[in-house]
Amino acid sequence: MKVKVLKRVILFIAVMAFIGCGSNGGNKGNGGKGGGSNSSELPTTVVDALNASKSNLTPDLKDSITYMYSEEKLAREVYLNVYDKQPQKQLQNIATKSEIKHEDAVNKLAIKYDLNTTIYPDTPTPYDATSLEIFGSGKFPVVEIQELYDLLYDKGINSAQDALEIGCMVEVTDVDDLNKYLTQAKVSNADDVVVIFDYLRSGSYNHYWAFDKGLKNMGISDGCCSLGTSFCHPEYPQDNGDEGGN
């Protein structure tokens, strides 16, 4: 899903009405103190892909890697920062058990191909860890990602239901983007990138169902589908519906 499309949907469900009330919810980027950080040990298949020979990446695929880094960073940080205001366990578990690994996997992929994750699009080289450190929690080099984070955060801190709903939104956005980027990687025969992106997408499927279950347990019978057709995806594979896997 394009970020601009998601932003319009958020507007439709009255996020901007909430923002218009003048509430900034305090600190939007405090480092996610509610969740801490767990080990980011990656699955063997992902490690093997990172250690495999380099593929011949197109400029578009390079840009997609750097974009996904910011998108995975958004997922982890918005979950932890919203958790500080609305402590729903799904946010903490998914951020600390899974999103930290997703962010690490894409970061290592950027290192492998010497891509500068702080510049998008037309991603240049070399990889620049120093520049990356400038972007603390809740801060992003991609303008669209920054705008999306701000919208999601302002919605998520409003209530427990809103906190879980932004999880549905984030995971659907991830899946939609990864579907597109996986096609790019397959066309380019970039098998290592396919493995990484498929790993991220599998995690997003599980997270979607964890947020869906959380909403249903709260009495929202339609779960993520209550947000509208854009976020209603019964076709997503269901694993164990846990709250932090992958």
Considering residues that are small (Gly, Ala, Ser) and within 24 Å of ILE100 (Cβ to Cβ), the number found within the range 200-239 is 5
Contact list, first residue from the range 195-223 and more than 17 Å from MET169 (Cα to Cα) and in contact (Cβ under 8 Å) with a residue 24 or more places away in the chain, second anywhere and part of a helix (DSSP H, G or I) and polar (S, T, N, Q), beta-carbon distance below 7 Å, six or more apart or interchain, is VAL195/THR45; MET218/GLN161
Residue set ALA210, ALA185, ALA190; condition of a type in the set (Gly, Ala, Ser) and farther than 27 Å from SER53 by Cβ; output residue ALA210
Test: residue in the range 234-245 that is within 30 Å of ASP63 (Cα to Cα), part of a helix (DSSP H, G or I), of a type outside the set (Gly, Ala, Ser) and out of contact with any Pro (no Cβ under 8 Å at 6 or more places or on another chain)
no
Here the residues within the range 109-134 that are touching a residue at least 60 places away in the same chain (Cβ under 8 Å) and of a type outside the set (Asp, Glu) are LEU109, LYS112, THR123
Pairs returned, first residue in the range 167-178 that is in contact (Cβ under 8 Å) with a residue 12 or more places away in the chain, second residue that is among the hydroxyl-bearing types (Ser, Thr, Tyr) and not in a helix (DSSP H, G or I), beta-carbon separation under 9 angstrom, 6 or more apart or interchain, are GLU171/TYR236; VAL172/TYR236; VAL175/TYR236
With the first residue restricted to the range 39-65 and required to be small (Gly, Ala, Ser), and the second required to be in a loop (DSSP other than H, G, I, E, B), Cβ contacts under 8 Å at 6 or more apart or on different chains are SER55/SER188; SER55/ASN189; SER55/ALA190
Those residues of the range 183-221 which are assigned to a helix (DSSP H, G or I) and farther than 28 Å from ILE111 by Cβ amount to TYR208, TRP209, ALA210, PHE211, ASP212, LYS213, GLY214, LEU215, LYS216, ASN217
(request) Assess whether ILE13 counts as being modelled with pLDDT under 95 and either surrounded by 15 or more Cβ atoms within 10 Å (Cβ to Cβ) or closer than 24 Å to LEU215 by Cα (or both). (result) yes
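The values are calculated or read from the model by the stated rules, or taken from the named source; none is laboratory data. Keep in mind that this is a model prediction, so the values were computed, not measured. In this analysis, Cβ positions are derived from the backbone assuming ideal geometry, glycine residues included, and neighbour counts consider all displayed protein chains.
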